[in-house]
Amino acid sequence: MAQSYGSWSAAVTGIGLVTAAGHSAKETWREVTTAPSPRGVRSLASLRDLPCDFMYTVEGLDLDGRLGRATLLLDRFAQFAVIAAREAVADAGLDPETWDGARVAVVVGTAHGGLLYYDEQQAVLSERGARRVAPKVAPLSMPNNATGGICQDLGARGPSLTVSTACASGTDAIGTALGWLRANRCDIAVAGGAEALRSPLMFASTCRMRALSTRVDNPAAACRPFDAGRDGFVVGEGAGLLVLERPEHARARGATVRAHLAGYGSTSDALSPVAPDESGQGIEAALRAALADAEVAAGDIGHVNAHGTSTVMNDLIESAALHRVFGDRPLVTSTKAMTGHALGATGGIEAALTALALEEQLVPPTVNLDVQDPDVPVDVVARTARPARFACAASSSLGFGGHNAVLVLTRA
């Protein structure tokens, strides 16, 4: 029997992923753990002439075929969210036709929401006039388009919420769902994050901030977390959703439990709209809060899926905080080199990958890590996945505005 951690953990019974690495959890996991380099990086015509004109994109996914007329009322990020939610629910062995929808909650995190559709219709307004603007701009551009879309698609009538804490959004959404399950506000929660940022305006602005990689000569090698030659992050798109259940609910229906969500910690730097706190006190406090919530000792953590954005300062700050909390033991990775930095979706995607790492006892590699920065004081798994034995793992996220969020998961 697996060792039990924490006084109350939610059961992770379903996983759904749509990423640049794959259209499902199985495809994404296979690509993240076996591919020698990312295959989903593309230059976009809409970003032409910008210092960074490339991103990780979801290609070849038949959105119309998968969603039918529902695509008409969903922005791209929400379409990803609904597809990932469907996969997670099916993986959990649940049937929306027969469950008690009033006891099903939905919490989705996103940083930008339906900005893509907003941008498209802003161009219509400028070029063709107000009478040509679509009447559905408001619902499709709202950040809650994904949350509402999932609720409608699955018949989930319990509490629902959209969380927007920049790049910590997906992690905070899952942490919020954990609190609702503990409070008995629901029996089942579908939680995670979704994003599809292809906005030239946002890309131009982030380029001006010098946050994006400008390695236009080799985009596939541009995202290189913890590498000595890193120069910025690369945007990704996609969605990661988990099905979480109250443990007694999962037991009663004989569900297969993939992992346990044992703890959540959240803090704010209270410093700057964009600049990280170089002391790393905020992320360190979030790490310690998540451990305390899970009733897990730092020495129990065998793997950390780090935020690891591939920006010079953030990687240094986060890795130093990880070392202060955990020392040399955990195997650290950043899967963003395979999925891109999917902003508000990243916490959902990486929580899913952390659950899979626990299940498979395999730590995904940080591809593109050729020479680890000597100032990064943790054991980063580079280039090749590493088998390991560990019962506890953490997933961390940091967002603009000083948001820090951490989840602790344990093996089923």
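Each reported figure results from applying straightforward, stated rules to the coordinates on display, with no laboratory input. Quick caveat: nothing in here was measured; it's all calculated off a predicted structure. Don't worry about glycine lacking a Cβ; one is built from the backbone with ideal geometry, like all the others, and counts go over all protein chains shown.
What to note about this one:
- Estimated 222 nm signal from helices in the chain, with DSSP H stretches of n ≥ 4 weighted -39500 (n - 2.57), rounded to 500: -10000 deg cm²/dmol
- The range 98-218: C-alpha gyration tensor shape, a/c 1.5 cut-off, then a/b vs b/c: oblate
- Virtual spin-label span in nm between ARG39 and ALA204, 7 Å along Cα→Cβ: 3.5 nm
- Of all beta bridges that DSSP places with both ends in the chain, some 65 percent have antiparallel geometry.
- Remark: spin-label model distance ASP375-ALA130 equals 5.3 nm, labels positioned 7 Å along the Cα→Cβ axis.
- ALA138/ALA70 FRET efficiency (R0 22 Å; Cβ-Cβ; nearest 0.05): 0.80
- Pair GLU360, SER268: separation of 7 Å Cα→Cβ label points (nm): 3.8 nm
- Computing FRET efficiency as 1/(1 + (r/R0)^6) for ALA123 and ARG386, where r is the C-beta to C-beta distance and R0 is 51 Å, gives about 0.65.
- Förster-model FRET efficiency, 45 Å R0, ARG251 and ASP62, C-beta, rounded to 0.05: 0.75
- Dimensionless Rg/Rh of the range 277-366 - Kirkwood Rh, Rg from C-alpha atoms: 0.94
- Of all DSSP beta bridges in the range 293-412, antiparallel share, percent nearest 5: 50 percent
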